[in-house]
Amino acid sequence: MSQQNHTERTTQTEKPAETENPVNFASPTMSEKRIKGVTVIDETGKNCKLRLGDLDEADAGIGVCASDFISASQISDGHYYYLHVGGGGKYTIYQDKRVVVGHFFIKEGTVVGFAKAGEDFFANIMHVEEHPVTFDVENITFDIVRINLETESIEVLLENCAEFGNVGDERIDVDDIMFYKGSMYYDSREDVQWEAGGEYEPGAFLISRNLDDIEQQNKMTCTERMNEAKPYLTFVDGKILYGKQKGKEVSLYMFDLETREQTDLIRYKRKKAYVRYSTYSYDSVLLSVDNDYIYCQDMAIPRKGGKMQPLLKNALRNLYGGEIIFSSNKKYIFYLDKKYKLHRIDKKTGKDIRIGDKKLMSVQCMEDRIYVKELRHGYWDEQTEKRPDVLYCMSLDGTVKWKHTLKRQKETEMDWD
């Protein structure tokens, strides 16, 4: 079916279940109004319509980053924040060049996730229960907490959650929690029967909780396409972007959080099916947006129209989710190649150059600088295991402006060696 003729016009509603606490429900519709599209040419040479419209890419949701030094960092409001673990349950949040934002302590568990949303910091704390004799792991649960830097303590928002296994009282996959516009969003999975090692099984609703009134829960019925795409939902400018790959065909959608309408964003074909290795779903696609492109798999889709480009075909993929490791600003795209070396792509010319010889594990950029990390944890060879964590701030040409060496004061259960 062609992109022009494919328009779903069904309306999905679900009757809310009886609950003790008041719950607000909202049901989606399939949009019948057409957003003016631009023509995009896919890999096969076919003309496709991209119907994105005006979108403020800076108004984006924030996910919970894994708190290993590889990705325990975030750019927010023109600053770079990163997390470091010390001894005795002490954690330190840094900003930019070694500026200490604050500390916090936890009595039990390990911080395995970190995020800054608005003015607040959040963490994901993992609790492991072991058999007292065999020390076999019997249960793993997670708490989502807000960090209070004034008291150096934490406030539990959601406790005893699950991850992607059949553990925890709350069927919440902590990896898909998203903070956006003062609320916390996650998939509702209370009625889902999880299968260990299986693909992600979505719930029927998207849950939101206002961070100022965490007990109040809102349930939004999801469209079929959104459920197929879970848990890879991208929140940006009051919309949710998501998609699915079926064979060589990729279909992307946009859901408006205010009108509860879903529209077809674009449908296009690849020359061959993109192989994605994921702990969740092999067919879901993770989208990101900057001022010039929508990034999907290794492709850059021009927002103003034109030819799609496989700009990230040589980029390194995340070890666990299979996502590509890259970052972009208004002028450049930065990525790590499969040998862990840093590259820079000029958006205007498409020129791709390597800008350093260091082996790195992450890259994040701003308009005037980039942050990259080396890691001691033996990703390349055993000789690197005793090396401390090192953060570099570089100019856009790869020149090192400063570095921060983070030595751990005491080995904890987060350490791998």
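The values are calculated or read from the model by the stated rules, or taken from the named source; none is laboratory data. Keep in mind that what you see is a predicted model, and the values were worked out from it rather than measured. Every residue, glycine among them, receives a Cβ derived from its backbone with ideal geometry; neighbour counts consider all protein chains shown. Heads up: the accessible areas ignore ligands, DNA and RNA and are worked out on the full protein's heavy atoms, side chains in. Shrake-Rupley method; radii C 1.70, N 1.55, O 1.52, S 1.80 Å.
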Determine, yes or no, whether residue 358 is at pLDDT below 95, in contact with a strand residue (DSSP E or B) (Cβ under 7 Å, 6 or more places away or on another chain) and in a loop (DSSP other than H, G, I, E, B).
yes
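Per-residue answers, yes or no, for (1) modelled with pLDDT of 90 or more; (2) out of contact with any Ser or Thr (no Cβ under 6 Å at 6 or more places or on another chain); (3) over 30 Å from residue 207 (Cα atoms):
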position	(1), (2), (3)
114	no, no, no
117	yes, yes, no
140	no, yes, no
151	yes, yes, no
Extreme residue, farthest from residue 55 (Cα to Cα), among residues of the stretch 217-233 that are in a strand (DSSP E or B) and open to solvent by 20 Å² or more (accessible area, probe 1.4 Å)
217
Of all residues in the stretch 82-119 being open to solvent by 40 Å² or more (accessible area, probe 1.4 Å) and of a type in the set (Lys, Arg), which is farthest from residue 137 (Cα to Cα)?
97
Look at residue 288 and say whether it is in contact (Cβ under 8 Å) with a residue 40 or more places away in the chain and small (Gly, Ala, Ser).
yes
Would you tally the residues in the stretch 265-286 being open to solvent by less than 10 Å² (accessible area, probe 1.4 Å) and either touching a helix residue (DSSP H, G or I) at 6+ places or on another chain (Cβ under 6 Å) or modelled with pLDDT of 95 or more (or both)?
4
At least 1 residues that are at pLDDT 95 or above and open to solvent by less than 40 Å² (accessible area, probe 1.4 Å) in each: list the strands (runs of 3 or more DSSP E) lying fully within the stretch 17-81 that qualify.
38-41, 47-50
Checking residue 262 against (1) of a type in the set (S, T, N, Q); (2) buried (at least 18 other Cβ atoms within 10 Å of the Cβ); (3) under 27 Å from residue 316 (Cα atoms), which single condition isn't satisfied?
(3)
Quick check on the stretch 143-153. Is at least one of its residues closer than 30 Å to residue 402 by Cα, of a type in the set (Lys, Arg) and either open to solvent by less than 60 Å² (accessible area, probe 1.4 Å) or in a strand (DSSP E or B) (or both)?
no
Quick one: how many residues across the stretch 235-275 are within 14 Å of residue 52 (Cα to Cα) and either among the basic types (Lys, Arg) or without any contact (Cβ under 8 Å) to a residue 60 or more places away in the chain (or both)?
9
How many residues of the stretch 317-339 are at pLDDT below 90, open to solvent by less than 40 Å² (accessible area, probe 1.4 Å) and out of contact with any Ser or Thr (no Cβ under 9 Å at 6 or more places or on another chain)? The answer is 1
Taking the stretch 361-417 as the search range and keeping residues that are among the hydrophobic types (A, V, I, L, M, F, W, C), within 27 Å of residue 333 (Cβ to Cβ) and in a loop (DSSP other than H, G, I, E, B), which one is modelled with the lowest pLDDT?
380
Quick one: count up the residues across the stretch 120-138 that are among the polar types (S, T, N, Q), surrounded by 13 or more Cβ atoms within 10 Å (Cβ to Cβ) and either touching a Cys at 6+ places or on another chain (Cβ under 8 Å) or over 19 Å from residue 210 (Cα atoms) (or both).
0
